[in-house]
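All remarks here apply to the structure that follows.
The values are calculated or read from the model by the stated rules, or taken from the named source; none is laboratory data. In this text the structure is predicted, and so the values were computed from the model without any measurement. With ideal geometry, Cβ positions are generated from the backbone for all residues, glycine too; neighbour counts draw on all protein chains shown. Heavy atoms of the whole protein, side chains included, go into the accessibility calculation; ligands, DNA and RNA do not. Shrake-Rupley method; radii C 1.70, N 1.55, O 1.52, S 1.80 Å.
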Amino acid sequence: MRLGSQPKREIGMTRAELYAFISRHKLGVLGYLSPVGTPQSALVGIAVTPELEIIFDTVNSSRKYSALLRNPAASFVIGWVGEVTVQYEGFAFQPSGADLDRYQQLYFTAWPECRDHLIWPGIAYFVVRPQWIRHSDFDRRPPLIEEFTY
């Protein structure tokens, strides 16, 4: 997805509404593949950009770090209060230079206490750009399910 591009919309939720939903949640379950292709997951602290990119930190000794460098395919489940969730699929990358600074500032806005992580040995930041998002609200009758492809 290019920054500023709009998704092909299947139903009526806007990007701003998706952003608001994801922004209200500080945690997400990250899914990724091990080097041998087995599924792995981790609960991570997240921040989101207006372009719906998800930012998280980790350390370079973690399983997710090496796995995402080998295979950047990543997924998230966000929001599990009631039966309202976002399923999210995309590709992870490590920003650098001025981009890293910008993403870190966005992350620290959501997680000010995580500025302390900057002194951790091996701290790393990943950004996941969306390819597909599904917002599901099974608390509604009938349920509301909306999909976005980027």
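Quick check: is even one residue across the stretch 86-107 closer than 13 Å to Tyr32 by Cα and of a type in the set (D, E, K, R)? For the stretch 86-107, residues closer than 13 Å to Tyr32 by Cα and of a type in the set (D, E, K, R): present. On the stretch given as the stretch 98-135, residues that are part of a helix (DSSP H, G or I), of a type in the set (S, T, N, Q) and either over 11 Å from Ile55 (Cα atoms) or in contact with a helix residue (DSSP H, G or I) (Cβ under 7 Å, 6 or more places away or on another chain) (or both) total 1. Against the list (1) at pLDDT 95 or above; (2) open to solvent by less than 90 Å² (accessible area, probe 1.4 Å), the condition Glu113 fails is (2).
Output the residues belonging to the stretch 50-68 that are more than 20 Å from Leu118 (Cα to Cα) and surrounded by 15 or more Cβ atoms within 10 Å (Cβ to Cβ).
Our first condition is that a residue be more than 20 Å from Leu118 (Cα to Cα); within the stretch 50-68, this holds for 50-53, 67-68.
Residues satisfying the conditions are Glu51, Leu52, Glu53, Ala67, Leu68.
Across the stretch 136-150, the number of residues qualifying as in a strand (DSSP E or B), charged (D, E, K, R) and open to solvent by 40 Å² or more (accessible area, probe 1.4 Å) comes to 1.
Within the stretch 16-49, restricting attention to residues that are closer than 24 Å to Asp99 by Cβ and part of a loop (DSSP other than H, G, I, E, B), the residue that is nearest to the chain's Cα centre (by Cα) is Ile46.
For the stretch 63-83, the criterion of being more than 11 Å from the chain's Cα centre (by Cα) and assigned to a strand (DSSP E or B) is satisfied by at least one residue.
Counting only residues that are of a type in the set (Phe, Trp, Tyr) and open to solvent by 60 Å² or more (accessible area, probe 1.4 Å), how many does the stretch 75-92 have?
Filtering the stretch 75-92 for residues of a type in the set (Phe, Trp, Tyr) gives 76, 80, 88, 91.
So of that shortlist, the ones also open to solvent by 60 Å² or more (accessible area, probe 1.4 Å) come out as 80, 91.
The number of residues fulfilling the criteria is 2.
Contact map, the stretch 7-30: residues that are under 21 Å from Pro143 (Cα atoms) paired with residues that are modelled with pLDDT under 85 and surrounded by 15 or more Cβ atoms within 10 Å (Cβ to Cβ), Cβ distance under 9 Å, separation 6+ or inter-chain. Pairs shown: Arg15/Pro7; Leu18/Pro7; Phe21/Met13. Applying the set (1) over 18 Å from Leu27 (Cα atoms); (2) out of contact with any strand residue (DSSP E or B) (no Cβ under 8 Å at 6 or more places or on another chain); (3) β-branched (Val, Ile, Thr) to Val81 leaves exactly one unmet item: (1).
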